[in-house]
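Below is one structure, written out as structure tokens; the observations come after it.
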Amino acid sequence: MSDIYSEVAGDEVTTNSFWMPNQYGCSVKRLDEGYRVCDDIVACFQDRARIEKQYAQQMEEWARKWKPLVDSSPMYGSLLTAWQAFMTAAERLSDLHVGIQKTLVTDDGDRVRNWQKDTYHRKLFGGFKESYEIENGFYKAQKPWAKKFKKVEKSKNAYHKACKKQQVATVRESHGKGNPEVSVDKQRKLQEEREKCDQETEKVKQRYEKALQDLNRYNPKYMEEMETVFDLSQQHEQKRINFLKDTLLSIHHHLDVTNHESIQAVYQDLHQAILSVRDQDDLKWWRNRHGPGMMMSWPQFEEWNPDKERPIVKKKKAKEPDKVRLRSITPTEGRGGADQD
């Protein structure tokens with residue numbers, strides 16, 4: 001795989017995993033942004049076309065200015081012919097760059113515009129039909145799982161709350177038994193309260209476990225339906241990647257008009273960079289970064305940890321001692337006279 005994908009962290013568990021509720025949005029947004037990218041490519045090379053046109057005009061003006069001066073110069077013979085050849089070459093080069101400018105605007109620019117019209121279909125109230133279908137597919141596939149996941153989260157919170165209440169009741173009962181000032185009746189009530197909390201905690205725990213089991217049973221179906229929709233979005237993106245790759249190759253072909261050794265090396269590097277585009281590598285990168293290839297921390301049973309509930313006691317700052325202000329002592333006028341004596 002190319003170094004472009006060296007920073008992919010597809011094997012890391014993240015809080016915004018593709019599988020979590022509403023985290024498929026970036027794949028929907030990718031489809032919408034694909035249209036804007038096409039606009040940017042057209043605008044980019046229209047700017048380049050203007051540069052080609054300006055260059056052609058400057059070359060033509062240069063040749064028009066110097067051709068009569070060269071023709072009427074004292075130069076003669078083959079040396080004059082060689083000098084005049086520079087003017088002829090400038091005129092031919094000007095024509096060539098005018099052709100490049102027209103090709104970038106008409107052939108390449110119009111090609112992208114037409115592809116956009118054929119690929120993206122606008123809805124009546126804004127947006128594209130293609131992105132709406134993908135988003136709606138994700139929503140329908142995730143809705144049942146999200147409902148079960150919400151139930152798991154709710155029951156987990158209820159269980160952890162019950163565990164906390166149970167611990168408080170246990171501590172109170174323990175302190176009551178070891179305190180002679182607590183009456184037998186009070187100790188009995190504390191015991192009953194603790195037993196009631198034990199029962200409630202066990203009841204909530206069972207609901208939590210049941211909700212988690214129900215979610216885990218549904219996971220395979222959920223993953224299958226989500227990946228089906230994701231594959232559709234990948235197909236859209238694959239078409240765009242391959243089309244833009246062909247477009248860039250076409251632009252490269254139109255711009256590569258020289259055989260100069262140093263410039264040729266630049267175009268060869270550019271050509272190799274374009275040929276290095278791999279749709280499968282791009283799709284795999286997206287999959288690992290924003291799709292089913294991401295790791296998911298599937299909900300598992302989490303035991304309540306009392307250490308996390310301990311309050312943090314802030315230490316009071318020690319009172320600073322009173323500060324003593326030092327003042328300078330100026331000798332009195334009489335003392336100064338005595339020193340002079």
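Could you check, for the stretch 180-198, whether at least one of its residues is surrounded by fewer than 17 Cβ atoms within 10 Å (Cβ to Cβ), within 30 Å of Asn288 (Cβ to Cβ) and polar (S, T, N, Q)? No: zero hits.
Taken together, the residues in the stretch 231-244 that are among the charged types (D, E, K, R) and surrounded by fewer than 17 Cβ atoms within 10 Å (Cβ to Cβ) amount to 2. Within the stretch 170-179, being within 54 Å of the chain's Cα centre (by Cα) and open to solvent by 90 Å² or more (accessible area, probe 1.4 Å) holds for one residue alone: Arg172. The set of residues from the stretch 209-230 being loosely packed, with under 15 Cβ neighbours inside 10 Å, under 26 Å from the mean Cα position of the chain (by Cα) and among the acidic types (Asp, Glu) comprises just one member, Glu224.
Within the stretch 276-306, the set of residues being surrounded by fewer than 17 Cβ atoms within 10 Å (Cβ to Cβ), acidic (Asp, Glu) and farther than 24 Å from Lys154 by Cβ comprises Asp279, Asp281. So for the stretch 36-44 (the condition being open to solvent by 40 Å² or more (accessible area, probe 1.4 Å), modelled with pLDDT under 85 and of a type in the set (D, E, K, R)), does at least one residue qualify? No, the conditions are met nowhere in the stretch 36-44. Yes or no: Glu209 part of a helix (DSSP H, G or I), at pLDDT 85 or above and out of contact with any Ser or Thr (no Cβ under 9 Å at 6 or more places or on another chain)? No: the conditions fail for Glu209. For the stretch 97-115, filtering for residues that are over 19 Å from Asp47 (Cβ atoms) and surrounded by 15 or more Cβ atoms within 10 Å (Cβ to Cβ) leaves 1. Residues in the stretch 152-169 include none that are surrounded by 13 or more Cβ atoms within 10 Å (Cβ to Cβ), within 19 Å of Leu232 (Cα to Cα) and either more than 33 Å from the chain's Cα centre (by Cα) or of a type in the set (A, V, I, L, M, F, W, C) (or both). Residues that are touching a residue at least 60 places away in the same chain (Cβ under 8 Å), over 30 Å from Glu224 (Cα atoms) and either surrounded by 12 or more Cβ atoms within 10 Å (Cβ to Cβ) or touching a strand residue (DSSP E or B) at 6+ places or on another chain (Cβ under 8 Å) (or both) do occur in the stretch 116-127.
The values are calculated or read from the model by the stated rules, or taken from the named source; none is laboratory data. Predicted, not measured: the structure shown is a model, and the values here were computed from it. Positions of Cβ are generated from backbone atoms using ideal geometry, with glycine treated the same way; all protein chains shown enter the neighbour counts. The area values use the complete protein model at the heavy-atom level, side chains included, leaving out ligands, DNA and RNA. Shrake-Rupley method; radii C 1.70, N 1.55, O 1.52, S 1.80 Å.
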